[in-house]
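Enquirer: Can you keep this structure in mind? I'll have questions shortly.
The values are calculated or read from the model by the stated rules, or taken from the named source; none is laboratory data. Keep in mind that this is a model prediction, so the values were computed, not measured. Reconstructed Cβ throughout: ideal geometry from the backbone, glycine too, with neighbour counts over all protein chains shown.
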């Protein structure tokens, strides 16, 4: 899978509002279900496929995202071989 | 050629304000304050200042608030009713620690409590200066801007219909001097992006590293500042013939000038009467009043209202001397504060009646 | 979420060479954490507002006059000079500042309760005067700070704590469409309405705000940007439903778009 960007997520700053989930065009953000930060809020996790488009950062009310765009897109193996 | 000129009180006050460095004025027309706004509108452009004929008193005091944050000397004003609309802002401007001069060209003397008790919400006071005539108003206007800047607080000049509309010969203050330096607490945008941009707020300025404002700490600091101001501002009072007076008469403002003159004439006629005329109504000159009346048997207070300053005189004497109110509301048909009873003969009659 | 979902590690910058295109909060927000509720639209709007200040290099002559609302507690978080005004009075305070600092950049940040309830005469008169300032209206149709009561922009049928069965025209009157009102005044040079309920609208908000600032700096006269913001707490909806609630409740009445351009 081609991956053109990635994000750093300040998990502790998140208030679990979910806005980034629907805002993400390739839908590669997913809220945790059981894990919560020290304030007790669930937070987003990143799946493969980020394009570095900043939609998440622009809509996040708590400035939780740092967004990066790779100089050259990465090719990530999919399926079993991808398990890190 | 001397700078003596026959000036309407409103014009003299406007010129004094500009001479003191005032460069912004906002007001809404209302008798008897209107002429001060008109003179400001005519004069401020001559010194590259700004005069706003605001669409309401609420907006006038808001505009003056904004101008004050830039460190330029700003003023506003009205008559009592218009000042009622401004009280909320005057209370908050006090907590925002901003210099502002407020002119009340009052109708009668019914605004004493509004002026001296902190007319808006919350626990605050303003410095209040009450001139008796045009020459004194010129001096007290200069002092008002000085105190406002020194203490970073609103200062009121409490005038009335007589002051605003009486023509008197005064040394016309020159308005061509430079405006005073802008203090460094003032805003002009330049601390933006520096990592610690300035905030001017009645809620305080927020706490380093924490979100939001710490209003409790800020209100405590404001209260301390008002205590400091009440002790630090020199109380002004005009006292005469009190050393051997059987009766001392207390009065302030234009009415105070009539009372003073009545006492002069009564003294000429051999009556042992003295007068005390508070000029700073806040901080009230309690010690000096106490001293002035200590030798007398009685104190009479004359005001053109139902008795307001009389309370402060009683507080100052704390029962040491009986204090009697001999004034009263006095209106002509216009209701603009011109009193048919404010004549030397009528006042003298009341004083004599109060003699022990 | 299937068990073998592969999560990318997001706790530190990537090892591979990459450009940093967004760094948490913009530089003019020095204090990122704040009290505003989860899913609140106001920090999104304020972010766009300060980014535009930065991009137009206005930071060192900008003064923002804040009204009273949830956003008030956000003001000290900004690295922009702020004057905190009384509820409703920001446009007058901004007028006094701009008149004394004509080369400065002066804006207000207000909510619908602040601007369209308490301070309607202030903003109308400032616009009619063509005051060369930019007013930002954060419109969520409720008093957020006090827990979700009706304001003048609450739409018909919208339920709030003081219009429990929904705003009823006979009892509660009709909403005021502020941007439409301001656009009729000759002193207004740029008037636009937008929203922050999806990434596209956030980008549009940024564009409109930038144009309003440019209009001010070109001496064009009064500019207003009305930004519809989510208030899940005050609307009593889940944070995830905020964007759709805005789209279905506010946007159909407070129409998005540029109403007046120089």
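Enquirer: Please tell me if residue B:316 is under 17 Å from residue B:248 (Cβ atoms) and surrounded by 15 or more Cβ atoms within 10 Å (Cβ to Cβ).
Expert: On the way: under 17 Å from residue B:248 (Cβ atoms): yes; surrounded by 15 or more Cβ atoms within 10 Å (Cβ to Cβ): yes.
Against the criterion (under 17 Å from residue B:248 (Cβ atoms) and surrounded by 15 or more Cβ atoms within 10 Å (Cβ to Cβ)), residue B:316 qualifies.
Enquirer: Quick one: which of A:25, A:77, A:44 is surrounded by fewer than 15 Cβ atoms within 10 Å (Cβ to Cβ) and either at pLDDT 95 or above or at positive phi (or both)? Let's see the steps before the verdict.
Expert: Values: A:77 fails: either at pLDDT 95 or above or at positive phi (or both); A:44 fails: surrounded by fewer than 15 Cβ atoms within 10 Å (Cβ to Cβ).
When all the criteria are applied, what remains is A:25.
Enquirer: Name the residue, out of A:60, A:53, A:17, that is without any contact (Cβ under 8 Å) to a residue 60 or more places away in the chain, within 28 Å of residue C:195 (Cβ to Cβ), surrounded by 15 or more Cβ atoms within 10 Å (Cβ to Cβ) and at the interface with chain C (Cβ under 7 Å from one of its Cβ atoms). Give the derivation first.
Expert: Values: A:60 fails: at the interface with chain C (Cβ under 7 Å from one of its Cβ atoms); A:53 fails: at the interface with chain C (Cβ under 7 Å from one of its Cβ atoms).
So the residue among A:60, A:53, A:17 that is without any contact (Cβ under 8 Å) to a residue 60 or more places away in the chain, within 28 Å of residue C:195 (Cβ to Cβ), surrounded by 15 or more Cβ atoms within 10 Å (Cβ to Cβ) and at the interface with chain C (Cβ under 7 Å from one of its Cβ atoms) is A:17.
Enquirer: Hey, residue C:203 hits all of (1) more than 14 Å from the chain's Cα centre (by Cα); (2) farther than 22 Å from residue C:38 by Cβ; (3) surrounded by fewer than 24 Cβ atoms within 10 Å (Cβ to Cβ) but one; which does it fall short on?
Expert: For residue C:203, the failing item is (1).
Enquirer: Going by the structure shown, is residue C:50 assigned to a helix (DSSP H, G or I) and under 22 Å from residue B:64 (Cβ atoms)?
Expert: Details: assigned to a helix (DSSP H, G or I): yes; under 22 Å from residue B:64 (Cβ atoms): no.
No.
Enquirer: Then there's this: Would you tally the residues in the stretch C:211-237 being touching a residue at least 40 places away in the same chain (Cβ under 8 Å), within 14 Å of chain A (Cβ to nearest Cβ) and either buried (at least 24 other Cβ atoms within 10 Å of the Cβ) or in contact with a helix residue (DSSP H, G or I) (Cβ under 7 Å, 6 or more places away or on another chain) (or both)?
Expert: 7
Enquirer: Shifting gears a bit: Hey, residue C:67 hits all of (1) more than 9 Å from chain B (Cβ to nearest Cβ); (2) farther than 17 Å from residue B:58 by Cβ; (3) surrounded by 24 or more Cβ atoms within 10 Å (Cβ to Cβ) but one; which does it fall short on?
Expert: (2)
Enquirer: Considering only residues that are closer than 21 Å to residue C:230 by Cβ and in contact with a strand residue (DSSP E or B) (Cβ under 6 Å, 6 or more places away or on another chain), which ones fall in the stretch A:32-57?
Expert: A:42, A:44, A:54, A:56, A:57, listed by residue number.
Enquirer: Out of the strands (runs of 3 or more DSSP E) lying entirely within the stretch B:84-175, which hold 3 or more residues that are in the same structural domain as residue B:280 (by TED's automatic domain parsing) and in contact with a helix residue (DSSP H, G or I) (Cβ under 6 Å, 6 or more places away or on another chain)? It would help to see each step written out before you state the result.
Expert: Details: elements: B:100-106, B:127-129, B:154-160, B:167-171.
In the stretch B:84-175, no matching strands (runs of 3 or more DSSP E) lie anywhere.
Enquirer: Given the structure, is residue B:187 more than 30 Å from residue C:60 (Cα to Cα) and either over 22 Å from the mean Cα position of the chain (by Cα) or crowded, with 20+ Cβ neighbours inside 10 Å (or both)? Give the derivation first.
Expert: Working: more than 30 Å from residue C:60 (Cα to Cα): no; either over 22 Å from the mean Cα position of the chain (by Cα) or crowded, with 20+ Cβ neighbours inside 10 Å (or both): yes.
It is false that residue B:187 is more than 30 Å from residue C:60 (Cα to Cα) and either over 22 Å from the mean Cα position of the chain (by Cα) or crowded, with 20+ Cβ neighbours inside 10 Å (or both).
Enquirer: Now a separate question. Which is away from every other protein chain (no Cβ under 14 Å) and free of Cβ contacts under 8 Å to residues at least 60 places away in the same chain, of B:250, B:221? Walk me through how you get there before you give the answer.
Expert: Details: B:250 fails: free of Cβ contacts under 8 Å to residues at least 60 places away in the same chain.
Exactly one of B:250, B:221 is away from every other protein chain (no Cβ under 14 Å) and free of Cβ contacts under 8 Å to residues at least 60 places away in the same chain, namely B:221.
Enquirer: To continue, here is another question. Examine the stretch C:74-86 for a residue that is surrounded by fewer than 24 Cβ atoms within 10 Å (Cβ to Cβ), part of a loop (DSSP other than H, G, I, E, B), at the interface with chain B (Cβ under 10 Å from one of its Cβ atoms) and without any contact (Cβ under 8 Å) to a residue 40 or more places away in the chain, and state whether such a residue exists.
Expert: No: the stretch C:74-86 contains no residue that is surrounded by fewer than 24 Cβ atoms within 10 Å (Cβ to Cβ), part of a loop (DSSP other than H, G, I, E, B), at the interface with chain B (Cβ under 10 Å from one of its Cβ atoms) and without any contact (Cβ under 8 Å) to a residue 40 or more places away in the chain.
Enquirer: Which fully enclosed helices (runs of 4 or more DSSP H) of the stretch C:107-205 have 2 or more residues being closer than 28 Å to residue B:64 by Cα? Before you say what the answer is, go through the steps one by one.
Expert: On the way: elements: C:120-128, C:169-172, C:178-183.
Filter on the stretch C:107-205 gives C:120-128, C:178-183.
Enquirer: If I go through the stretch B:12-62 residue by residue, how many of them are within 14 Å of chain C (Cβ to nearest Cβ), without any contact (Cβ under 8 Å) to a residue 60 or more places away in the chain, part of a helix (DSSP H, G or I) and more than 20 Å from the chain's Cα centre (by Cα)?
Expert: Residues in the stretch B:12-62 being within 14 Å of chain C (Cβ to nearest Cβ), without any contact (Cβ under 8 Å) to a residue 60 or more places away in the chain, part of a helix (DSSP H, G or I) and more than 20 Å from the chain's Cα centre (by Cα): 4 in total.
Enquirer: OK, next. I want to confirm something. Restricting to the stretch C:87-106 and keeping residues that are in a helix (DSSP H, G or I) and more than 7 Å from chain B (Cβ to nearest Cβ), which single residue is nearest to residue B:188 (Cα to Cα)? Even if it seems obvious, please write down each step before you answer.
Expert: So the first thing to find is which residues in the stretch C:87-106 are in a helix (DSSP H, G or I), and the list is C:90-100.
Retained after the next criterion (residues that are more than 7 Å from chain B (Cβ to nearest Cβ)): C:90-91, C:98.
Numbers: C:90: 17, C:91: 17, C:98: 10 Å.
Ranking the candidates gives C:98 first.
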